[in-house]
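Just so you know, all these numbers are worked out from the coordinates, no wet-lab data involved. These numbers were taken from a predicted model, which means no experiment stands behind them. Cβ: placed from backbone, ideal geometry, glycine included. Neighbour counts: every protein chain shown.
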Amino acid sequence: MTDATPAGSDAGAGPGPFGPSPELQEHLRRVFRRAVRGVAVLGAALVVVGGLVGWFVAGWPGLWGGVLGGLLGGALAAATPVTMLLTARSSITAAMGGAVGAWLLAAVVLVGAVLGLRATGAVHMPVLGGTIAVGLLAAVVVQTRAVLAGRVPYVDPGASGPRT
């Protein structure tokens, strides 16, 4: 069986023939930093608004549902841009592996948290679920705005031509 990578290449080692150029890395990191900031502001707003709405809907259990839903929703929403920011210097394969791994970890944390909180009975579950759902939908908007405003070039200006 033969190896498909060129001899002497480092397919997963970041910049070079298989990773983005330093110029493109900076463009990408700027977009991901903007997305992380937006999601952090969104998470703080979710905690406050979710807690207030929860308080008016169901008292103390609603307050805790809103606050914990805001924290969980913010953490879940931040998983992707934080992972992409950390892997901006890596190859696309490593970045996508990190994103999928972060998504799977976030899904496991979400299911575990919901099951654990449901068992306590101290949290109003509809407020928790609603806050998480609103947070994730709002995070899509925040992250999309960050990408659209990012002005990342379609072509990597620092990449070398094909090797023959």
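Specify which of the listed residues (V134, V152) is crowded, with 17+ Cβ neighbours inside 10 Å, touching a residue at least 12 places away in the same chain (Cβ under 8 Å) and of a type outside the set (G, A, S).
Numbers: V152 fails: crowded, with 17+ Cβ neighbours inside 10 Å.
When all the criteria are applied, what remains is V134.
Among the numbered conditions (1) under 22 Å from V41 (Cβ atoms); (2) surrounded by 11 or more Cβ atoms within 10 Å (Cβ to Cβ); (3) touching a residue at least 24 places away in the same chain (Cβ under 8 Å), tell me where A122 comes up short.
Checking A122 against (1) under 22 Å from V41 (Cβ atoms); (2) surrounded by 11 or more Cβ atoms within 10 Å (Cβ to Cβ); (3) touching a residue at least 24 places away in the same chain (Cβ under 8 Å), the one that fails is (1).
So, of the residues in the range 88-107 that are in a helix (DSSP H, G or I) and not aliphatic (A, V, I, L, M), which turns out to be farthest from G69 (Cα to Cα)?
T93
Please list, ordered by first then second residue, the pairs with beta carbon atoms under 7 Å, 6 or more apart or interchain, first in the range 81-96 and more than 15 Å from V31 (Cα to Cα), second of a type outside the set (F, W, Y) and part of a loop (DSSP other than H, G, I, E, B).
Matching pairs, first to second residue: S90/G14; S91/A11; S91/G12; S91/G14; T93/G12; A94/G12; A94/T87.
Considering only residues that are touching a residue at least 40 places away in the same chain (Cβ under 8 Å) and in contact with a Gly (Cβ under 6 Å, 6 or more places away or on another chain), which ones fall in the range 54-76?
If the condition is that a residue be touching a residue at least 40 places away in the same chain (Cβ under 8 Å) and in contact with a Gly (Cβ under 6 Å, 6 or more places away or on another chain), then G54, G62, G65, G66, G69, G70, G73, G74 are the ones that fit.
Quick test for you: out of A99, A106, pick the one residue that is buried (at least 18 other Cβ atoms within 10 Å of the Cβ) and under 15 Å from the mean Cα position of the chain (by Cα). Working first, answer last.
Details: A99 fails: buried (at least 18 other Cβ atoms within 10 Å of the Cβ).
Step by step, each of A99, A106 is checked, and only A106 is buried (at least 18 other Cβ atoms within 10 Å of the Cβ) and under 15 Å from the mean Cα position of the chain (by Cα).
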